[in-house]
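Worksheet for the structure shown next.
The values are calculated or read from the model by the stated rules, or taken from the named source; none is laboratory data. Fair warning: this is a prediction, and the values are worked out from it, not measured in the lab. No Cβ is skipped: glycine too gets one built from the backbone with ideal geometry, and neighbour counts run over all protein chains shown. Heavy atoms of the whole protein, side chains included, go into the accessibility calculation; ligands, DNA and RNA do not. Shrake-Rupley method; radii C 1.70, N 1.55, O 1.52, S 1.80 Å.
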Amino acid sequence: MKVGLVMCGPDVAYGPLALLSGTFEEKATKAAELGYDGIELMVRDPADLDCPAVKMTLTKAGLEVPQVVTGELFGADGLCLVTADEALRCRAEERTRAVIDLAAYLGAMVNIGRLRGQLSLLGDVPDAHSVAIDRLRDVATYAANQGVKITLEPLNRYESDYIQNAADGMRFVEDMGCDNVGLMLDLFHMNIEDASIEESLRLARTRVWHVHVADSNRRYPGSGHLDFDSIFATLDDIGYNGYVSGEMLPLPDPDTAAQKTMEFLRRHIC
Ligand code: LER
Ligand code: MN
């Protein structure tokens with residue numbers, strides 16, 4: 001397993017769940033010095049980025065980019081893919097394609113969480129589930145042509161009205177029928193929605209491509225009541241060798257949270 005954290009790109013002023021402080025270059029240096037293998041790059045609009053400079057900064061720091069995260073496309077700009085608003089959907093698809101292009105350039109996956117929108121936003125359609133499948137398949141097909149993998153993130157009921165747990169995610173991925181689509185499982189959401197985190201990890205073992213780490217209170221691991229011994233034993237058991245990546249409230253401050261996360265994960269990962 002490798003260790004990562006969510007870090008804002010230069011185009012994101014503030015990420016509510018991102019870690020580290022300073023300029024983009026300072027954050028990259030801190031991540032490398034703390035021993036992180038890679039960073040998840042949180043972006044808002046690749047058109048505002050000097051992509052070669054971003055790549056150079058991360059390469060110089062020796063950091064991989066396992067994934068580009070899209071939460072701020074929704075968080076900052078309200079973009080979403082599953083909605084009855086056609087103009088909004090077009091803007092969301094266009095921006096998502098730009099993020100996929102960036103991910104192809106960086107050799108990263110693209111995560112889709114809140115960007116996917118809500119079934120309820122489709123209004124009174126006969127089969128909202130099928131509409132959602134088609135919308136996400138369009139994006140996944142574009143990504144496949146760029147050699148990019150998509151990770152769908154189950155989100156708890158307060159953030160999404162579909163794909164709320166690992167079992168939902170596995171069904172949805174199967175219904176999409178795209179080889180380049182897998183799951184990112186986030187322990188914070190799983191603690192709310194999945195009856196057993198360990199059983200869900202086993203259920204999703206063929207499609208878990210990324211894991212978000214935070215404790216039950218969404219602070220750094222070790223500050224809540226999740227049973228990390230059991231969670232990491234299960235990840236070992238299912239042969240998971242992807243990233244475990246810190247995404248959490250930046251408390252008590254974004255640098256301490258990153259440092260405590262690394263200290264904790266070092267004790268749990270060989
Ligand atoms: C994003 O990875 C996530 O977990 C969401 O809950 C953000 O709101
Ligand atoms: Mn997450």
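If you check S245 against the conditions, is it within 16 Å of ligand 1 (Cβ to nearest atom) and under 18 Å from N111 (Cβ atoms)?
Criteria met by S245.
Give the residues of region 24-45 that are closer than 20 Å to A92 by Cα and crowded, with 21+ Cβ neighbours inside 10 Å, sorted by residue number.
L41, M42, V43, R44
Could you grab me the full set of residues in region 1-23 that are within 23 Å of T151 (Cβ to Cβ), of a type in the set (A, V, I, L, M, F, W, C) and either out of contact with any strand residue (DSSP E or B) (no Cβ under 7 Å at 6 or more places or on another chain) or surrounded by 19 or more Cβ atoms within 10 Å (Cβ to Cβ) (or both)?
Answer for region 1-23, where residues must be within 23 Å of T151 (Cβ to Cβ), of a type in the set (A, V, I, L, M, F, W, C) and either out of contact with any strand residue (DSSP E or B) (no Cβ under 7 Å at 6 or more places or on another chain) or surrounded by 19 or more Cβ atoms within 10 Å (Cβ to Cβ) (or both): V3, L5, V6, M7, C8, V12, L17, A18, L19, L20.
In the list L19, L102, L79, L73, which residue meets the criterion of being within 16 Å of ligand 1 (Cβ to nearest atom), in contact with a helix residue (DSSP H, G or I) (Cβ under 6 Å, 6 or more places away or on another chain) and part of a helix (DSSP H, G or I)?
L73
Mind checking which pairs have a first residue in region 156-175 that is within 17 Å of E198 (Cα to Cα) and a second that is hydroxyl-bearing (S, T, Y), Cβ under 8 Å, 6 or more apart or different chains?
Short answer, once both residue conditions are applied: N165/S200; A166/S200; A167/S200; D168/Y162.
Would you mind stating whether T29 is in a helix (DSSP H, G or I) and more than 21 Å from Y162 (Cβ to Cβ)?
When the stated conditions are applied, T29 passes them.
State which residue pairs qualify: first residue closer than 14 Å to C51 by Cα and free of Cβ contacts under 8 Å to residues at least 40 places away in the same chain and inside region 9-20, second residue within 16 Å of ligand 1 (Cβ to nearest atom) and open to solvent by less than 10 Å² (accessible area, probe 1.4 Å) in any location, beta carbons under 9 Å apart, and separation of 6 or more residues or different chains.
D11/V43
Please tell me if A28 is over 25 Å from L183 (Cα atoms) and at pLDDT below 95.
So A28 fails the test.
Residue-by-condition table, conditions (1) within 16 Å of ligand 2 (Cβ to nearest atom); (2) open to solvent by 10 Å² or more (accessible area, probe 1.4 Å); (3) over 20 Å from G239 (Cβ atoms):
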residue	(1), (2), (3)
G147	no, yes, yes
I150	yes, no, yes
Y158	yes, yes, yes
N165	yes, yes, yes
F172	no, no, yes
D175	no, yes, yes
N180	no, yes, yes
I192	yes, yes, yes
A195	no, yes, yes
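Which one of A84, A53 is part of a loop (DSSP other than H, G, I, E, B), over 16 Å from A258 (Cβ atoms) and over 20 Å from the mean Cα position of the chain (by Cα)?
Unique residue meeting the criteria: A84.
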